[in-house]
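Worksheet: the structure to be examined is printed underneath.
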Amino acid sequence: MLVIVPYFMIKSFLIITSLEILLFASQQIVLVVADDFNTSKAQLEFYDDNIKLFTNDVNIGKNGLAWGIGEVSIAHQKSDPIKQEGDKKAPAGIFKLTDIFGYKHQSHYKLPYLFTHQELICVDDSSSSFYNTVIMKRGDEKSFENMKRDDEQYKLGVVVGHNTKKVKNAGSCIFLHIEKSKDMGTLGCTSMEYNELEKIVKHLDANKNPILIQIPFSASKEILKLYPFLESSSLLHPHHL
């Protein structure tokens, strides 16, 4: 029997497939692996054109990791924690790295750049239509985070494309940024020393589809299925623990 598939279904399939091919063919990967869901410490490897350039230690959420909303779903246990607003957990998953921000007025980076002046905020009120969005301060926001802080943590940073569809209470305002201190967990971001973050930022290139893969070690096998070239990663094998 001849089955005729509607054109819109074929088009949708091709779009989804193309996006997945683009994602899995990423030429720049920030790989962050924690021992488990409960630790606030992790290790990072940076890959450019499938070549590992450097490794460093990072801080993640004070309460560890929880599965966030990224580009694709990663198989996991039903009992695993799920990211929620205010849980002080960093999101686990695969996320695009979309923008660089900082205190300098101008930059020559290869990702879009946001100057973090006093009027720039990120809205963390899930009832707002601007939830999980960096905007100019309007004056009627119930809850937000200032992008220009009194400390140096946002002197340089990268926007992580977590929960881009703005699902209520699923977590907001996730960044790579400068650590407050060497062993201090974050409220949900990933932090590191300024020099380590600067190395990443200088390499990030929009033409190379940069992504963050952030996982507990238990998800290593799933990541290796999606990105076989990461077989060389020391973070995704048992001797890492």
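Every number here is computed from the coordinates shown, using simple stated rules; none is lab data. All values derive from a computational prediction rather than experimental measurement. When we count neighbours, we look across all protein chains shown, and the Cβ atoms used for this are built from the backbone with ideal geometry, even at glycine.
Of the three principal axes defined by the Cα atoms of the chain, the extents in descending order read 67, 45, 40 Å.
Taking amide H positions as modeled 1.01 Å from N, with prolines and chain starts lacking one, the residues under 5 Å from Gly64 and 5 or more places away or on another chain are Ala90. Summarising the amide proton neighbourhood of Arg149: residues at separation of 5 or more, or on other chains, whose placed amide H is nearer than 5 Å comprise Tyr154. When both bridge partners sit in the chain, DSSP labels roughly 65% of those beta bridges antiparallel.
Within the straight-line cut-off of under 17 Å between alpha carbons, the lysines reachable from Lys52 are Lys199, Lys202, Lys208, sequence neighbours fewer than 8 places apart in one chain being disregarded.
Extension gain, Asp125 to Lys221: 0.36 nm times the residue separation minus the Cα-Cα distance gives 31.0 nm. Reducing the stretch 49-73 and the stretch 102-132 to their Cα centroids gives an inter-centroid distance of 21 Å.
What does a probe at Tyr194 reach in the stretch 134-164, counting residues whose amide N is under 15 Å from the point 7 Å along Cα→Cβ? Within reach of a label on Tyr194, which here means backbone N under 15 Å from a point 7 Å along Cα→Cβ, the stretch 134-164 contributes 149-157. Taken one residue at a time, the phi angles of the stretch 120-126 give Karplus couplings (6.51, -1.76, 1.60, θ = phi - 60°) of 8, 9, 10, 7, 10, 8, 5 Hz. Gly and Pro are set to x.
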